[in-house]
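The values are calculated or read from the model by the stated rules, or taken from the named source; none is laboratory data. What you see is a predicted model, and the numbers here were worked out from it, not measured in a lab. Positions of Cβ are backbone-derived with ideal geometry, glycine not excepted, and every protein chain shown enters the neighbour counts. Please note that ligands, DNA and RNA were not included when accessible areas were found on the heavy atoms of the full protein model with its side chains. Shrake-Rupley method; radii C 1.70, N 1.55, O 1.52, S 1.80 Å.
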Amino acid sequence: MRLPAVVLALLVITVTPAHAEPRVVGGVVVEDVDEAPWMVALTTSSGYQFCGGALVGPDLVATAAHCVYSRTPSSITVVGGRLDLRTDGGSSSVVTQYQIADGYSTPSRGKDIALLTLARPMPYRVLPVAATTGVYDARKVGVVYGWGRQEESNTDKSPLLHKASIPVMADEQCSAAYARYDAGAMFCAGYPEGGVDSCIDDSGGPFVVDGRLAGIVSWGIGCARPNTPGVYTRVTTYLS
Ligand code: 4AZ
């Protein structure tokens, strides 16, 4: 039997779960640098991307402490203005020094934030830092950006920047998921049914609410699992 294309399309739409596309996990490709001009990749000197970050000043990058604490500043290259990491577009700079939040030990204990100073300022629009805790109201929707895994157990990474919109989760729901949850240091984002999340190598990347840096990809159990949200550094606790 031959079905008209429009009927086939409807069948496909009905049987595809809402958040099933394998992208960040469940996201889409960022098509235009102007959508996220402040997004940067943290790479090794040989160009291997291991974390994300956001320009919060021309020569200042906010990222996760756990992305940098075991590395020397000069071994970290920051790449800006480049969506496709196979290209040499945009600009890059080594890090001259970094500051990690006082008392940082592991992501699940909080304080998972670092500020990197670049050897060369970058000519891109910076991301303002959230100024009020209203950005953490449950059901505010943020956008997370990264070059990380598109599925929890698939180590293939896309060289293309991805983004996904994810709602902030209420503290009570996050505490139910994680005994270690500390509402002063973190917040959670995710759907109860899972499907959309940050994942390995998205760490350090921005969670943007109302055009401002509200969170930094920090930790979680796996990626995009049901009732297992991603955990983000609560930026307003540490930066102003
Ligand atoms: C990680 O290991 C990681 N699903 C990042 C984000 C999340 C989990 C793990 C959140 O870099």
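Reported count of residues in the stretch 45-84, each being surrounded by fewer than 24 Cβ atoms within 10 Å (Cβ to Cβ), hydroxyl-bearing (S, T, Y) and within 16 Å of the ligand (Cβ to nearest atom), is 3. Got at least one residue in the stretch 130-137 being in contact with a Lys or Arg (Cβ under 7 Å, 6 or more places away or on another chain), open to solvent by less than 40 Å² (accessible area, probe 1.4 Å) and outside any helix (DSSP H, G or I)? Taking every residue of the stretch 130-137 in turn, at least one turns out to be in contact with a Lys or Arg (Cβ under 7 Å, 6 or more places away or on another chain), open to solvent by less than 40 Å² (accessible area, probe 1.4 Å) and outside any helix (DSSP H, G or I). For K157, the test of being in contact with a strand residue (DSSP E or B) (Cβ under 9 Å, 6 or more places away or on another chain), under 26 Å from Y98 (Cβ atoms) and modelled with pLDDT under 95 is passed.
When you check A114 against the structure, is it among the aliphatic types (A, V, I, L, M) and either assigned by TED's automatic domain parsing to the domain that holds V56 or more than 20 Å from P37 (Cβ to Cβ) (or both), yes or no? Here the answer is yes, as A114 does meet what is asked. In the set V144, V168, V208, only one residue is within 15 Å of the ligand (Cβ to nearest atom), out of contact with any Cys (no Cβ under 6 Å at 6 or more places or on another chain), of a type outside the set (G, A, S) and within 30 Å of R86 (Cα to Cα); that residue is V144.
Here the stretch 138-161 is the region considered, the condition is being in a strand (DSSP E or B) and in contact with a Phe, Trp or Tyr (Cβ under 7 Å, 6 or more places away or on another chain), and the residue that is most open to solvent (accessible area, probe 1.4 Å) is K157.
Report, by residue number, each residue of the stretch 183-205 that is charged (D, E, K, R) and near the ligand (Cβ under 10 Å from one of its atoms). Please lay out each step first, then the result.
Kept after step one, since they are charged (D, E, K, R), are these residues of the stretch 183-205: 193, 197, 201-202.
Result: D197, D201, D202.
From the residues in the stretch 23-81 that are among the aromatic types (F, W, Y) and in a loop (DSSP other than H, G, I, E, B), which one is farthest from A189 (Cα to Cα)?
Of all residues in the stretch 23-81, those among the aromatic types (F, W, Y) come to 38, 48, 50, 69.
Subset that is in a loop (DSSP other than H, G, I, E, B): 38, 48, 69.
On the way: W38: 21, Y48: 27, Y69: 25 Å.
Looking at residues that are among the aromatic types (F, W, Y) and in a loop (DSSP other than H, G, I, E, B), I get Y48.
In this structure, is Y181 of a type in the set (F, W, Y), over 11 Å from the mean Cα position of the chain (by Cα) and farther than 28 Å from R125 by Cβ? So that I can check it myself, show each step before the final result.
Values: of a type in the set (F, W, Y): yes; over 11 Å from the mean Cα position of the chain (by Cα): yes; farther than 28 Å from R125 by Cβ: yes.
The answer is yes for Y181.
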